[in-house]
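Trainee: The structure that follows is given in the form of structure tokens.
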Amino acid sequence: MAERGPVSYSVENGVAWLVIDRPQARNAIDRAVGEGLWDGFRRFDADDAAKVLVLTGAGEAAFCAGADLKEMAALGLAAPPRDLAPQLGANIEIAKPVIAAVNGAAYAGGFLLAQMCDLCIAAEHATFAIAEARWGRGAPWAAPLPWLVPPRVAMELLLTARPIGAARALEIGLVNAVVPAASLRQEAAGLAATVAANAPLSVRAAKAMVYGSVGLGLREALEGGWRLFEPVYASEDAQEGPRAFVEKREPRWKGR
């Protein structure tokens, strides 16, 4: 069962759901939301029964509108603290897959949350923007963006501050799929279930290889891939997969 609060966490059939639940504030990140996100990701990381996490927002208007500027002004903060919310690969490492289900506007810090996830699925009405240049703010967290999309597209997003729609996000490779809003949760659950059904050691090694290859030459990337997959080949699961194939049944993964 999900726990109520500004961020809810629940696990269904091996899939963890982390939901920002401040629709009245466009799911903006205040201190309570930040703490809830930190708690949710840490719980997911420690929970062996949760194979994949889906991050989404409540309602249909916004996935997340970024940092809560009203709270920042009240606290006299010039910039959001670096650790206001978890940023995968920067201030927290999560070996298991994370999927963003973007249910509306993903602006500023909301764009960050979508950007940091391993996979991203968006509702047809979703929009994405790095609006900081329009308001004289900064977006240092967008430094990895040229790895996800072509550099000139990254420049367009950063320099114009103009929102793009879900179709454009799909075209440039920022999202993996665009679906009707009414079926977003179902589609995200299906994608998560597909990933969760695969061998966990293989999935984690594949994720680590993709990120570990950034900035490396071909030979270094290949060597790194072999190092990551050596323990996978030596695992019990590596024997279970072919055995299940021969016996025409679903594999029973042990994660070892």
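The values are calculated or read from the model by the stated rules, or taken from the named source; none is laboratory data. Keep in mind it's a predicted model, so treat the numbers as computed, not measured. With ideal geometry, Cβ positions are generated from the backbone for all residues, glycine too; neighbour counts draw on all protein chains shown.
Trainee: If you take the residues of region 7-29 that are of a type outside the set (Val, Ile, Thr) and buried (at least 21 other Cβ atoms within 10 Å of the Cβ), which of them is nearest to residue 197 (Cα to Cα)? Before the answer, list the steps.
Mentor: Our first condition is that a residue be of a type outside the set (Val, Ile, Thr); within region 7-29, this holds for 8-10, 12-14, 16-18, 21-28.
Next, from what is left, pick out any that are buried (at least 21 other Cβ atoms within 10 Å of the Cβ): 9, 16-18, 22, 27-28.
Details: 9: 21, 16: 14, 17: 17, 18: 20, 22: 32, 27: 31, 28: 33 Å.
Looking at residues that are of a type outside the set (Val, Ile, Thr) and buried (at least 21 other Cβ atoms within 10 Å of the Cβ), I get 16.
Trainee: Could you list all residues from region 43-53 that are surrounded by fewer than 24 Cβ atoms within 10 Å (Cβ to Cβ) and in contact (Cβ under 8 Å) with a residue 24 or more places away in the chain?
Mentor: If the condition is that a residue be surrounded by fewer than 24 Cβ atoms within 10 Å (Cβ to Cβ) and in contact (Cβ under 8 Å) with a residue 24 or more places away in the chain, then 43, 44, 45, 47, 48, 49, 50 are the ones that fit.
Trainee: So, one more: Name every residue in region 1-29 that is in contact with a Leu (Cβ under 9 Å, 6 or more places away or on another chain), within 15 Å of residue 85 (Cβ to Cβ) and in contact (Cβ under 8 Å) with a residue 40 or more places away in the chain, in order of residue number.
Mentor: 20, 28, 29
Trainee: Can you tell me which residues in region 13-60 are assigned to a strand (DSSP E or B) and modelled with pLDDT of 95 or more?
Mentor: Scanning region 13-60 gives 15, 16, 17, 18, 19, 20, 52, 53, 54, 55, 56, 57.
Trainee: Being among the β-branched types (Val, Ile, Thr) and assigned to a helix (DSSP H, G or I) is the filter here; which residues of region 199-246 pass it? Steps first, answer last, please.
Mentor: First pass over region 199-246, keeping only residues among the β-branched types (Val, Ile, Thr): 203, 210, 214, 232, 246.
203, 210, 232, 246, listed by residue number.
Trainee: Taking residue 125 and the conditions (1) more than 28 Å from residue 212 (Cα to Cα); (2) touching a residue at least 60 places away in the same chain (Cβ under 8 Å); (3) within 13 Å of the chain's Cα centre (by Cα), which numbered condition does it fall short on, given that it satisfies the others?
Mentor: So residue 125 meets the others, but not (3).
Trainee: For region 227-250, how many residues are charged (D, E, K, R) and closer than 10 Å to residue 201 by Cβ?
Mentor: Step one: of region 227-250, the residues charged (D, E, K, R) are 227, 230, 236-237, 240, 243, 247-250.
Now restrict to residues that are closer than 10 Å to residue 201 by Cβ: 236-237.
Looking only at that region, the number is 2.
Trainee: Counting only residues that are surrounded by fewer than 19 Cβ atoms within 10 Å (Cβ to Cβ) and of a type in the set (Ser, Thr, Tyr), give me the helices (runs of 4 or more DSSP H) lying completely in region 119-182 with at least 1 of them.
Mentor: Details: elements: 145-148, 151-160, 166-171.
Filter on region 119-182 gives 151-160.
Trainee: Just one of 126, 105, 101 is out of contact with any helix residue (DSSP H, G or I) (no Cβ under 9 Å at 6 or more places or on another chain) and modelled with pLDDT of 95 or more; which is it? Before you say what the answer is, go through the steps one by one.
Mentor: Details: 126 fails: out of contact with any helix residue (DSSP H, G or I) (no Cβ under 9 Å at 6 or more places or on another chain); 101 fails: out of contact with any helix residue (DSSP H, G or I) (no Cβ under 9 Å at 6 or more places or on another chain).
Going through 126, 105, 101 in turn, just one is out of contact with any helix residue (DSSP H, G or I) (no Cβ under 9 Å at 6 or more places or on another chain) and modelled with pLDDT of 95 or more: 105.
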